[in-house]
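Data first, discussion second: the structure below is written as structure tokens.
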Amino acid sequence: MTDFKRRDIEDTIWSVLTSFALEEEEEKCDKTRYFLVNKGGAFISGGVENMARAEVVCACIEAAFACNLEDFKVKISDEAIFNLLVLCGFENILILDGDIKNGFCLYSDETVFARGNFEKEKTTANIDIYALLKICKNEGGNISKSLVYAECGAEGAAYDICYNLRVNGCIIEMYTKDGDIKSAEEYAKKEGHSALVRCFADGTVEIKDLVKDEITKTTVSEFLGYYEDENGCDCHDHEHHDCDCGHHH
């Protein structure tokens, strides 16, 4: 496993959890909805209401999907939460199992990569990044990856772009180091990224093709929308072909 793949999965999970409006934990506090991603895994904490518990399970499931995990199941002990997850559209991967003591586990084959507990005080879950890496598909090969950079005030839009591109099959890294767009571009070229996506606070986006040295300007709404360009290309359907709309897979 390369260090990049581990970091990419960490960043993917971080983006997914952000999309669930969970707050990153910087120090020990009394927050009831937060998460912490580190080199070994991701820790998620939620409330005790059924919906909050279902959201914690959903976050783990969405993180697995975003990391391109193709075949996994979720065993869960609580029927009420099971029914809420069915309403979320996860019925095909759910198993109601009374042997799971007051919680849930996500697994593929015999490898458990996430498990959680429904405690009296709070709901907690852990995603084992190393276990997830071992069972993720499509490892190796020439992977086209893109870097997302957020100007001040554009962090939310950047997180949305990261999440939406990942669940559509893109390999995305969020630029979290110090420095301006020049530093981000130098980093992107050094790490072998094919594109640099620059987000602005006013909702505009610039996609720089680092191979062709070309810039495409658009907006967050257009970037994330299902639309066709003048060539008839659906910009969320790039899995099987190349196009010139600025999205890179």
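Read phi for every residue in the stretch 61-76 and hand back ³J(HN,Hα) as whole Hz from Karplus 6.51 cos²θ - 1.76 cosθ + 1.60, θ = phi - 60°, with x for Gly and Pro.
Those phi angles translate into 5, 5, 5, 5, 4, 5, 8, 6, 6, 8, 9, 8, 10, 10, 8, 9 Hz.
Run the simple label-point estimate for Lys73 and Thr111 please: 7 Å along Cα→C-beta, distance reported in nm.
Distance between the two pseudo-spin positions: 1.8 nm.
Please list, in order along the stretch 89-101, the HN-Hα scalar couplings obtained from phi with the Karplus expression 6.51 cos²θ - 1.76 cosθ + 1.60 (θ = phi - 60°), rounded to whole Hz, x for Gly and Pro.
My calculation for the stretch 89-101 gives x, 9, 4, 6, 10, 9, 9, 7, 9, x, 6, 7, 6 Hz in order.
Normalise the Debye intensity by I(0) for the stretch 3-135, one equal point scatterer per Cα, no solvent, then take log10 at q = 0.10, 0.18, 0.21 Å⁻¹ and round to two decimals.
Log-scaled intensity ratios, in q order: -0.28, -0.95, -1.30.
Kindly state, to the nearest 0.05, the FRET efficiency for Asn102 paired with Cys152, given R0 = 41 Å and r defined as their beta-carbon distance.
0.40
Which links in Lys190/Lys217; Lys5/Lys212; Lys75/Lys145 stretch past 27 Å when you go from one Cα to the other?
On the way: Lys190/Lys217 24 Å; Lys5/Lys212 25 Å; Lys75/Lys145 33 Å.
Those over the limit are Lys75/Lys145.
Grab the Cα-Cα distance for Ile93 and Asn50, subtract it from 0.36 nm times how many residues apart they are, and report the gain in nm with one decimal.
Roughly 13.6 nm would be gained on extension.
So what is the orientation-averaged projected area of the stretch 145-224, using the convex hull of its C-alpha atoms, in nm²?
4.7 nm²
Every read-out reported here was derived from the displayed coordinates using simple, explicitly stated rules and does not represent laboratory data. Please read all numbers here as calculations on a predicted model, not as lab measurements. For neighbour counting, all protein chains shown are included, and Cβ atoms are generated from backbone atoms with ideal geometry for every residue, glycine included.
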